[in-house]
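> Attaching a single structure in structure tokens format; questions to follow.
The values are calculated or read from the model by the stated rules, or taken from the named source; none is laboratory data. Everything quoted here is computed from the prediction, not taken from an experiment. Ideal geometry is used to build each Cβ from the backbone, glycine not excepted, and the neighbour counts take in all protein chains shown. Remember, those area values only see protein heavy atoms, side chains included, never the ligands or the DNA or RNA. Shrake-Rupley method; radii C 1.70, N 1.55, O 1.52, S 1.80 Å.
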Amino acid sequence: AQAYGLKVNFFPMLVAQAKDVAIPNTEGVTIRILTADEPALAQGLAVANLSFSVGGTEVGSIGPVERDKAAGELTEEWMGYFRERIRSGLTVMAVAESSDGLLAVASCKPEGAFAEIVGVATLPSARRRGLGAAVTAFLASYVFEQGGETVLLAAEDDNVARIYRQIGFHRVGTAGAVEKPKS
């Protein structure tokens, strides 16, 4: 792809096995699996959208007010898509919530004995509290409890990979993704 002039981004690829995963303590926050028909699904999708729109891991000003506004703007078509994925088992979503509502989210795509964790996101105002690591470890543990044998994920960069290593993931390689050309 690079030889043809396309930009390729590289990401640390990590895996975990059940014996290695440790869920960090997150005082004042509940971590759980989200079901398809909960109203909180909109907050979870909004957390992901807002987090990825600003990127990075720095604490920011986007918080519960912006999350709730963004959740209210999600289309029924988009919500229906995720509800159906969750109902059918194609997506499993873990969330971290407090009295302020959902603060972090992680999803996975189980595939037999394997699952890939994707979309780990923390509301910018709630960053640097270990919530992304906690939902990731919780989700991995859930996959193992359901009979999964290996969980993998690609980290944004080496700094984020360091966080995943702290909860039991091990780097096994590098994933590449071609950036869509602007024209």
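> Less than 12 Å Cβ to Cβ from residue 125, Lys/Arg counted +1 and Asp/Glu -1: what total charge do the surrounding residues give?
The answer is +1.
> Which residues in the stretch 100-124 have a backbone N closer than 15 Å to a point placed 7 Å from the Cα of residue 53 along the Cα-to-Cβ line?
The answer is 122-124, whose backbone nitrogens lie closer than 15 Å to the label point.
> Now a separate question. What figure, in Å² to the nearest 10, do you get for the accessible area of residue 20 with a 1.4 Å probe and non-protein molecules left out?
Residue 20 exposes around 50 Å² with every protein chain in place.
> When the helices in the chain are scored as -39500 (n - 2.57) per DSSP H run of 4 or longer and the sum is shared across all residues, what 222 nm value do you end up with, to the nearest 500 deg cm²/dmol?
Taken over the chain, the calculation gives -10500 deg cm²/dmol.
> OK, next. If I model a spin label at residue 10 and residue 33 as a point 7 Å from the Cα along the Cα→Cβ vector, what separation in nanometres do I get?
According to this spin-label approximation, the distance is 3.7 nm.
> For Cα pairs less than 8 Å apart in space and 6+ apart in sequence, what is the mean separation divided by the residue count of the stretch 89-152, i.e. the relative contact order in percent?
This gives 33 percent for the stretch 89-152.
> Show 15, 172 ordered by accessible area, largest first, where the area counts protein heavy atoms only and the probe is 1.4 Å.
So, going from the largest accessible area down, we get 172, 15.
> Dipole of the stretch 38-172 (Lys/Arg Cβ +1, Asp/Glu Cβ -1, origin at the Cα centre): which of 159, 94, 110 lies farthest to the positive side?
159
> Charges only on Cβ, +1 for Lys and Arg, -1 for Asp and Glu: so what's the dipole of the chain about the Cα centre, in debye to the nearest 20?
Using only the charged Cβ atoms, the result is roughly 440 debye.
> Sticking with this structure for a sec: Mean Kyte-Doolittle of at least -0.5 plus a Cα span of 30 Å or more along the axis: flag which DSSP H helices in the chain meet both, please.
none
> Let me ask another. Between the DSSP loop rule and a limit of at most 16 other Cβ atoms within 10 Å, which GluC sites (Glu not before Pro) in the stretch 108-183 are left?
Qualifying residues, ordered by number: 149, 156, 179.
> Additional query: Would you mind working out the magnitude of the charge dipole of the stretch 62-159 relative to its Cα centre, with +1 at each Lys and Arg C-beta and -1 at each Asp and Glu C-beta, to the nearest 20 Debye?
Roughly 200 debye for the stretch 62-159.
> So how exposed is residue 171, as accessible area in Å² (1.4 Å probe, rounded to 10)?
Number for this one is 110 Å².
> So, one more: Per the Cauchy relation, a quarter of the hull surface: what is the mean projected area of the convex hull of the alpha carbons in the stretch 117-183, in nm²?
Taking the Cα atoms of the stretch 117-183, their convex hull projects to 6.1 nm² on average.
> Would you please report the Å³ per residue occupied by the convex hull of the alpha carbon atoms in the stretch 1-40?
Convex hull volume per residue, Cα atoms: 213 Å³.
> Under a 1.4 Å probe, what is the accessible area of the stretch 25-183 per residue, stated in Å²?
Solvent-accessible surface per residue comes out at 52 Å².
> Sorted by accessible area (1.4 Å probe), largest first, how do 136, 174 line up?
174, 136
> Debye calculation, C-alpha points only, no solvent: report log10 I(q)/I(0) for the chain at q = 0.14, 0.17, 0.20 Å⁻¹, in the same order as the q values.
Evaluating at q = 0.14, 0.17, 0.20 Å⁻¹ gives log10 I(q)/I(0) of -0.78, -1.12, -1.43.
> Then there is this: Can you send over the carbon and sulfur percentage of the accessible area for the stretch 64-148, probe radius 1.4 Å, protein chains only?
Whole-percent figure for carbon plus sulfur exposure: 52.
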